[in-house]
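J.: Structure incoming, see below.
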Amino acid sequence: MTHDHDIVLRPTAAQTAAALNPPPGRTGGDLVVETLAGLGATTVFGLPGQHALALFDAVRRSDLGYIGLRVENNAGFAADAYGRITGEAALLLLSTGPGALTSLAALQEAAAASSPVIAISSQVPTAGLGGGRHGYLHELRDQKASFRDVVKSVHTVRGQSQVPSAIAAAWESALTAPHGPVWVEIPQDVLLAETALPVVTPMDAFPEDLVPRPELTAVAAELLAGAARPAIIAGGGVVRADASGKLLALAERLDAPVVTTFGGKGAFPWEHPLSLQSWLEDRHTTDFLEDADVLLVVGSGLGELSSNYHTFQPRGRIVQIEADLGKLESNHPALGIHADARIALQALLETVPERTDGAAAERVRTVLAKVRARIDAQDLGEERRILAAVREALPAGAPSFWDMTILAYWAWSAWPGAMHSAQGAGGLGYAFPAALGAAVADPSHPVLAVSGDGGAMYSIAELATAKQYGLPVTWLIVDDGGYGILREYMTDTFGEATATELARPDFVALAESFGVPAVRTSADTLTADLSKALAAPGPSVVVLPALLKMFAPTHL
């Protein structure tokens with residue numbers, strides 16, 4: 001019997017000749033680069049180091065575009081954003097030991113945000129593997145152990161013939177729903193040694209779709225069809241699955257209000273009559289969701305930020321669609337459907353009948369009016385004015401990246417539409433290097449980064465990267481003289497703050513020393529200054545001295 005795959009696997013005469021006579025002068029590094037190119041990679045981020053030099057030399061001789069950052073963690077943030085913007089695998093090249101370990105916080109954020117980052121690191125020579133103390137530079141007893149609890153999968157190469165398969169397996173793992181970072185490590189001698197192996201041919205390493213169990217979607221459809229007060233929580237899984245259109249169609253068919261999580265912003269139209277927007281840190285929203293008799297949760301684990309700090313106590317049935325098995329029913333009992341959001345929503349669309357009473361829009365207006373009244377009762381006009389000024393300045397279609405700072409915490413709830421932040425893992429220094437990665441992914445739009453002065457100091461070195469590559473990123477630094485949100489938390493809890501006040505540079509002068517134009521602005525001139533900076537080519541910095549406050553919490 002002849003099978004189709006028998007024919008595919010039979011090499012042509014030309015392929016055989018090429019395999020038997022590979023071009024000279026290639027190394028293990030070339031095998032890595034050839035594999036990446038064959039899988040479809042076009043761009044890599046990273047930072048060279050002694051053990052990885054053969055890998056970077058191979059990049060130099062290839063068609064891959066290379067973006068070199070100044071700190072490995074920032075290179076990881078840039079790759080994370082590249083993966084978020086494109087939905088494709090993002091390549092991060094690192095060296096051994098300190099260089100590799102410096103990327104850990106960025107890989108934790110990529111894991112929390114389900115960003116498909118493939119980190120490829122060098123290792124000490126093969127003789128040093130196995131835990132012995134040989135005294136190699138950068139030596140760790142077990143380097144991969146440092147990453148195993150952070151990334152989705154770990155792949156160690158011990159010989160050149162293993163390179164293509166290991167990288168292909170990592171590629172497939174990163175792009176399997178839920179997306180996430182993976183780790184590949186290759187010893188220095190494997191990368192350096194000349195190879196007689198043939199040039200790596202293009203290959204496919206795409207995962208199969210994560211399809212829901214049909215009996216579970218049938219039960220979910222029955223629950224939703226019979227619900228008197230259905231509601232929907234849309235998380236980041238909707239955005240990553242490109243399922244916003246399916247979500248909109250289902251919400252309209254069910255007449256179900258939709259609230260988006262902070263990671264799911266942009267999953268549902270902000271001004272839609274069924275949109276509860278993103279006011280998850282508001283008790284009025286929490287009460288409304290608790291009152292739903294059937295709550296459909298799509299692409300969210302209902303973690304701390306999505307549950308008003310675990311004060312959310314639903315009284316109705318929950319249907320949870322989630323690609324990450326670890327998040328499924330992890331916080332609340334539910335009809336758990338392990339599936340890609342787009343496919344599961346399509347299954348529901350095909351079976352749920354249309355509801356025609358149209359009563360939900362009025363209930364949504366009532367909740368949003370209560371939210372506005374609560375905010376209006378607090379002295380927060382300056383904060384709202386500044387956020388509105390930033391939104392007015394940002395051109396349509398231009399992405400924004402936000403650090404862990406008070407203005408970003410406002411944006412989680414009040415920013416009308418999509419935004420990207422580090423709220424998955426919650427580390428500082430994300431915004432600016434991530435914005436650089438987004439600009440590499442799509443240079444046709446300007447990109448906005450927003451940081452506080454404390455977070456800005458984590459990534460100030462990347463002004464050199466922005467200038468070197470001419471990336472169209474405008475960096476808004478809100479300077480309040482310290483770690484503003486920690487100052488507020490500590491003052492509220494302990495009566496005074498400790499270790500939150502910071503000496504900092506003149507950010508305008510510092511940016512200009514990198515050759516990056518910068519301006520100091522005010523709340524009155526912010527829209528004009530930010531608009532001008534975003535319209536100019538290349539990088540720019542806008543510094544806003546401001547002491548902002550958060551709205552009062554409702555979970556305490």
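Quick grid of which residues meet (1) open to solvent by less than 10 Å² (accessible area, probe 1.4 Å); (2) among the aliphatic types (A, V, I, L, M); (3) modelled with pLDDT under 95; (4) on the phi > 0 side of the Ramachandran plot:
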residue	(1), (2), (3), (4)
Ala435	yes, yes, no, no
Leu448	yes, yes, no, no
Ala466	yes, yes, no, no
Trp475	yes, no, no, no
Leu486	no, yes, yes, no
Thr493	no, no, yes, no
Arg504	no, no, yes, no
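J.: Which residues, counting only those in region 330-358, are closer than 21 Å to Trp279 by Cα and out of contact with any Gly (no Cβ under 8 Å at 6 or more places or on another chain)?
T.: Listed by number, the list holds a single entry, His332.
Rundown of residues vs (1) at pLDDT below 95; (2) among the charged types (D, E, K, R); (3) open to solvent by less than 40 Å² (accessible area, probe 1.4 Å), yes/no style:
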site	(1), (2), (3)
Val508	no, no, yes
Ala511	no, no, yes
Asp524	no, yes, no
His555	yes, no, no
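J.: Still on this model: Going by what's in this entry, would Ala425 be described as more than 28 Å from Pro257 (Cβ to Cβ), modelled with pLDDT under 95 and among the hydrophobic types (A, V, I, L, M, F, W, C)?
T.: Considered against the rule, which asks whether it is more than 28 Å from Pro257 (Cβ to Cβ), modelled with pLDDT under 95 and among the hydrophobic types (A, V, I, L, M, F, W, C), Ala425 comes out as yes.
J.: Across region 166-208, what is the number of residues that are surrounded by fewer than 18 Cβ atoms within 10 Å (Cβ to Cβ) and under 21 Å from the mean Cα position of the chain (by Cα)?
T.: Qualifying residue count for the region: 2.
J.: Scan Glu222, Glu172, Glu194 and give me the residue that is acidic (Asp, Glu), under 14 Å from Ile118 (Cα atoms) and at pLDDT 95 or above.
T.: It is Glu172.
J.: Would you mention how many residues in region 124-140 are under 28 Å from Ala111 (Cβ atoms) and part of a helix (DSSP H, G or I)?
T.: Residues meeting the conditions: 1.
J.: Go through region 108-146 and give me each residue that's open to solvent by less than 40 Å² (accessible area, probe 1.4 Å), closer than 20 Å to Gly29 by Cα and small (Gly, Ala, Ser).
T.: Ala119, Ser121, Ser122, Gly128, listed by residue number.
J.: Could you go through region 385-396 and let me know if any residue there is among the small types (Gly, Ala, Ser) and in contact (Cβ under 8 Å) with a residue 24 or more places away in the chain.
T.: Taking every residue of region 385-396 in turn, at least one turns out to be among the small types (Gly, Ala, Ser) and in contact (Cβ under 8 Å) with a residue 24 or more places away in the chain.
J.: Moving on to the next point. Can you report the number of residues in region 305-356 which are closer than 20 Å to Leu254 by Cα, of a type in the set (A, V, I, L, M, F, W, C) and part of a helix (DSSP H, G or I)?
T.: Result for region 305-356: 7.
J.: So, in region 382-416, exactly how many residues are open to solvent by 50 Å² or more (accessible area, probe 1.4 Å), aliphatic (A, V, I, L, M) and part of a helix (DSSP H, G or I)?
T.: 1
J.: Could you say whether any residue in region 399-407 is touching a His at 6+ places or on another chain (Cβ under 8 Å) and of a type in the set (S, T, N, Q)?
T.: Yes.
The values are calculated or read from the model by the stated rules, or taken from the named source; none is laboratory data. Owing to the predicted nature of the structure, the values given are computational and were not obtained by experimental measurement. Quick reminder, even Gly has a Cβ in these numbers, built from the backbone with ideal geometry, and neighbours come from all protein chains shown. For the accessible areas, the whole protein counts, side chains as well, though only heavy atoms, and no ligand, DNA or RNA atoms are used. Shrake-Rupley method; radii C 1.70, N 1.55, O 1.52, S 1.80 Å.
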